[in-house]
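Chemist: Below is the structure I would like to discuss, written out as structure tokens.
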Amino acid sequence: MAIFGGKKNDNDNESVDQELDLDALIEQAIEETDAEQEALKEEKRKAHEEMLIKQREEAVAQEKARADALKANGGRRFYLIAESSEVGEDSITTTGDLYGEMHKGDKVFVYRPGGSIIMSEVMDIKSADDSQKADDGEVNGAKNAKVSVTMKFKFKNVGVVAEKLIPKFTVISGIKPMNNPKGPIENPALLGVSLKYTDNADNKEYLQILMGHMTLSRFIIPAHVGEEGPDGKKKLQIIAINKKDGDGRMLPIFTDPAALSAWKELMQNEQKPTAVVVTFPEAVNMSKQDGVDLILNPYGPVAIQFPAGIIDTISKSKGYIDRFGEDGKKKPSYSKEMIKDANRIMVGEPPAIAEVKAVREAIKEYAATVSDITSVGLLAKKNSGEEPGYLVIVDCPKGVEREIFKDIYAAMKPLLNKFKKVEFSRYAETMFADDYFSLHPLDYVKNPNI
């Protein structure tokens, strides 16, 4: 912007000239100011357009993720809750209660207590209870029955002792793991275990497994958007439920959209709620702050109430603090490493096992929803004297990598059995990346047309 000014001369002609010049300078300054404002407006307009494009891309990717999830196993949702298992040579047969409809040939995910997940395929389904026909009306499968299901397993690749692969209360479902932090909310392990609550409410082993899945879950909470606060941000009004005896309130948390939709009185109201996604520590903090109970899926399929006192006790336990920190915001346990010298480490293709395949799919599914990611590659990495692990190389702008690394780690973590260690590096900071990926394909490359 121009700076203008000057003193008046005693000579009249010079005075007129200076006044004319002054007017011109003022006009010029105004024009420059207008130009600067226009430039700022243009910058804001472009930034807004870029934000809308980014939001549109992420919405499209999320919708694709939802559609892909519905396509799996014909869109059927089923949960087999294990009671016992018998190990075969390259298979394992699990007996338990089946909720929903399962078919031979279905791709399934085995959600073990503790959070690890293993993929398999259904080879056979038989009735385990003479009072219920597993094949009633279902030539290739079973529906809502006690069954024995045989699944494929190559035990040397799963990183778990065969006899302990599927302990009691393991959940076997066709629903994919919720690997993508930006994708649709699903909690098949928690929902499946919750179906056995009525019969096991006093079973200590069962309750430990239930709470273990709770801590690993993300939930949907309904809320209304309120008025703007002093900071200019609109406030969310969380919707609570009154207890039946009228003594206090409960914060409802839902495992998935179907469980939320069962709250028909709320969902059919003209003022539809906003869905807020929270982690377990965030739900715990809400419960402690407002002194309210938590209630899981209050409108079914099975409602489970967690009194505020129990939630407070859990949050103060050593196990909870070790995992989440005293404020529920512990830093992630992965490590970021900028690879400077490839000669000091050994890198290469990860082994062709089911775990690696699942990890690759989880990474690709997440990367497709993040416009800042140009490409991702998964490698095996080993430092001298250490156990091997994964190295994930991400091509993304500097400054956003921390959040991206955290989300990718969250997507990988439930699938880690054989290899537990995960390290990350930005592509631009990895000296050998060009050479390595000239010989090995990247796991994800952003579509240039998106």
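The values are calculated or read from the model by the stated rules, or taken from the named source; none is laboratory data. Note that the coordinates shown come from a computational prediction; the quantities given were computed from them, not determined experimentally. Cβ atoms come from the backbone with ideal geometry, glycine included; neighbour counts cover every protein chain shown.
Chemist: What's the total number of residues in segment 389-445 that are under 13 Å from Lys364 (Cα atoms), part of a helix (DSSP H, G or I) and without any contact (Cβ under 8 Å) to a residue 60 or more places away in the chain?
Modeler: Within segment 389-445, residues that are under 13 Å from Lys364 (Cα atoms), part of a helix (DSSP H, G or I) and without any contact (Cβ under 8 Å) to a residue 60 or more places away in the chain number 2.
Chemist: Could you list, in sequence order, all residues of segment 101-131 that are buried (at least 21 other Cβ atoms within 10 Å of the Cβ) and outside any loop (DSSP other than H, G, I, E, B)?
Modeler: The answer is Met102, Val108, Phe109, Val110, Tyr111, Ile117, Ile118, Ser120, Val122, Ile125.
Table: residues versus (1) within 30 Å of Lys421 (Cα to Cα); (2) modelled with pLDDT of 85 or more.
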residue	(1), (2)
Ser261	no, yes
Glu265	no, no
Ile295	no, yes
Ser335	yes, no
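Chemist: If you scan segment 375-396, which residues turn out to be more than 30 Å from Lys107 (Cβ to Cβ) and in contact with a strand residue (DSSP E or B) (Cβ under 9 Å, 6 or more places away or on another chain)?
Modeler: If the condition is that a residue be more than 30 Å from Lys107 (Cβ to Cβ) and in contact with a strand residue (DSSP E or B) (Cβ under 9 Å, 6 or more places away or on another chain), then Lys382, Asn383, Ser384, Asp395, Cys396 are the ones that fit.
A quick yes/no check of all residues on (1) under 27 Å from Tyr366 (Cα atoms); (2) modelled with pLDDT of 90 or more; (3) in contact with a Phe, Trp or Tyr (Cβ under 9 Å, 6 or more places away or on another chain):
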residue: Met119; (1), (2), (3): yes, no, yes
residue: Asp135; (1), (2), (3): no, no, no
residue: Lys156; (1), (2), (3): no, no, no
residue: Val171; (1), (2), (3): yes, yes, yes
residue: Leu191; (1), (2), (3): yes, yes, yes
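Rundown of residues vs (1) surrounded by fewer than 18 Cβ atoms within 10 Å (Cβ to Cβ); (2) in a helix (DSSP H, G or I); (3) in contact (Cβ under 8 Å) with a residue 60 or more places away in the chain, yes/no style:
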| position | (1), (2), (3) |
| --- | --- |
| Phe219 | no, no, yes |
| Gly226 | yes, no, no |
| Asp231 | yes, no, no |
| Lys235 | yes, no, no |
| Asp245 | yes, no, no |
| Met250 | no, no, no |
| Ala259 | no, yes, yes |
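Chemist: Between Ile311, Ile321, Ile241, which is touching a Lys or Arg at 6+ places or on another chain (Cβ under 9 Å) and at pLDDT below 85?
Modeler: Details: Ile311 fails: at pLDDT below 85; Ile241 fails: at pLDDT below 85.
Answer to the check: Ile321.
Chemist: Please go through segment 296-307 and pick out each residue that is of a type in the set (A, V, I, L, M) and either surrounded by 21 or more Cβ atoms within 10 Å (Cβ to Cβ) or not assigned by TED's automatic domain parsing to the domain that holds Thr279 (or both). Lay out the reasoning, then the answer.
Modeler: The first filter runs over segment 296-307 and keeps only residues of a type in the set (A, V, I, L, M), leaving 296, 302-304.
Across segment 296-307, the qualifying residue is only Leu296.
Chemist: List the pairs whose first member sits in segment 273-287 and is closer than 8 Å to Phe219 by Cα, whose second member is crowded, with 20+ Cβ neighbours inside 10 Å and small (Gly, Ala, Ser), and whose Cβ atoms are under 7 Å apart, counting only residues at least 6 apart or on separate chains?
Modeler: Filtered contacts from segment 273-287: Phe280/Ser217.
Chemist: Being outside any helix (DSSP H, G or I) and of a type outside the set (S, T, N, Q) is the filter here; which residues of segment 203-217 pass it? Can you show your working first?
Modeler: First, pick out the residues of segment 203-217 that are outside any helix (DSSP H, G or I): 203, 216-217.
The answer is Leu216, and nothing else.
Chemist: All but one of (1) modelled with pLDDT of 95 or more; (2) outside the structural domain of Pro113 (by TED's automatic domain parsing); (3) buried (at least 18 other Cβ atoms within 10 Å of the Cβ) hold for Asn200; state the number of the condition that does not hold.
Modeler: Of (1) modelled with pLDDT of 95 or more; (2) outside the structural domain of Pro113 (by TED's automatic domain parsing); (3) buried (at least 18 other Cβ atoms within 10 Å of the Cβ), only one is false for Asn200: (3).
Chemist: To continue, here is another question. How many residues does segment 350-407 hold that are surrounded by fewer than 21 Cβ atoms within 10 Å (Cβ to Cβ) and in contact with a Cys (Cβ under 7 Å, 6 or more places away or on another chain)?
Modeler: Count: 2.
Chemist: Can you spot a residue in segment 367-374 that is assigned to a helix (DSSP H, G or I), of a type outside the set (Gly, Ala, Ser), assigned by TED's automatic domain parsing to the domain that holds Met346 and in contact with a Lys or Arg (Cβ under 9 Å, 6 or more places away or on another chain)?
Modeler: There is no residue in segment 367-374 that is assigned to a helix (DSSP H, G or I), of a type outside the set (Gly, Ala, Ser), assigned by TED's automatic domain parsing to the domain that holds Met346 and in contact with a Lys or Arg (Cβ under 9 Å, 6 or more places away or on another chain).
Chemist: Is one or more of the residues making up segment 169-192 surrounded by fewer than 20 Cβ atoms within 10 Å (Cβ to Cβ), part of a loop (DSSP other than H, G, I, E, B) and touching a helix residue (DSSP H, G or I) at 6+ places or on another chain (Cβ under 6 Å)? Even if it seems obvious, please write down each step before you answer.
Modeler: Here is the first cut: in segment 169-192, the ones surrounded by fewer than 20 Cβ atoms within 10 Å (Cβ to Cβ) are 181-182, 184-185.
If we keep only those that are part of a loop (DSSP other than H, G, I, E, B) too, we end up with 181-182, 184-185.
Right, trim to touching a helix residue (DSSP H, G or I) at 6+ places or on another chain (Cβ under 6 Å) and you get 181, 184.
Scanning segment 169-192, I find at least one residue that is surrounded by fewer than 20 Cβ atoms within 10 Å (Cβ to Cβ), part of a loop (DSSP other than H, G, I, E, B) and touching a helix residue (DSSP H, G or I) at 6+ places or on another chain (Cβ under 6 Å), so the answer is yes.
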